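Working notes for the structure below.
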Amino acid sequence: MRYLLSILYLLILLQAPAQTSGHFGQRLIIGNSVTYIWEPNAAIPNRYHEITWNKNIAVNINKRIYLGLSYQNIFTRGSSYSEVDLHENYFLTGLFTQFDFMPQKKNRLFLEASWNYGNYCTCGQRDPYRQEGLQYLGLGGGYDLPLNKFLSLDLSFVVYKILDDVVQKYAYTQYIIGLNFDLAKP
């Protein structure tokens, strides 16, 4: 994973000087998506459900590189191991950068890297739980398919790895099917 992150940042560093400052801020993308994950075991009366509401905003730094902020509310209900009907709310927030492989087009094919802060601990062999002050490294990619002049369909996948020393931690994965509102200068 270090190698992938190193390659992504190397691409960013090599690309940045080659671009003129005239491209900064030509696109502002506001994104919104909802991800639903559930426990398939129907034998559990209050089986686990998870909804992640992801809100983000990004601006292009040059033709290929975008910099943005994201905030995710994570709502869980039920349990994958107990009959208790638990309701919990968590968050993840952070900075991300995206490298666009198709800068000449309205659609985007991109790699993403992010640093995040939150309280959603995917740890142990039971359901995720709250642990304040966690840091995450996010790596993923996606494709934005234009629907019209201002809207695009965002299809992405991101894996968030907890950076803190937590026992039995595992990655939080998120598929994204959402809408982006694209404010592009003519």
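The values are calculated or read from the model by the stated rules, or taken from the named source; none is laboratory data. It should be emphasised that the depicted structure is a prediction, and the values quoted were computed from it without experimental measurement. Note that each Cβ is placed from the backbone with ideal geometry, even for glycine, and that neighbours are counted across all protein chains shown. Calculation scope for accessible area: heavy atoms of the full protein, side chains included, ligands and nucleic acids excluded. Shrake-Rupley method; radii C 1.70, N 1.55, O 1.52, S 1.80 Å.
In whole percents, the pair-distance distribution calculated for the range 99-186 from its alpha-carbon pairs, binned every 5 Å from zero, is 3, 13, 19, 18, 14, 11, 10, 7, 3, 1, 0. Treating r as the C-beta distance of Ile30 and Phe91 and R0 as 25 Å, the FRET efficiency rounds to 0.85. The simple spin-label model puts a point 7 Å past each Cα toward its Cβ; for Leu109 and Tyr71 those points are separated by 3.4 nm. As a calculated quantity, the FRET efficiency between Leu183 and Ile37 at R0 = 30 Å, using C-beta atoms, amounts to about 0.45. What figure in square angstrom, to the nearest 10, would you give for the accessible area of Lys149 with a 1.4 Å probe? For Lys149, solvent-accessible area is about 150 Å². Between Val159 and Asn46, the contour length at 0.36 nm per residue exceeds the alpha carbon distance by 38.0 nm. The count of lysine pairs in the range 106-186 whose Cα atoms are under 29 Å apart, excluding pairs fewer than 8 places apart on the same chain, comes to 4. Shown are Val159, Val166, Val34, whose ranking by accessible area with a 1.4 Å probe and every protein chain present, most to least, is Val34, Val159, Val166.
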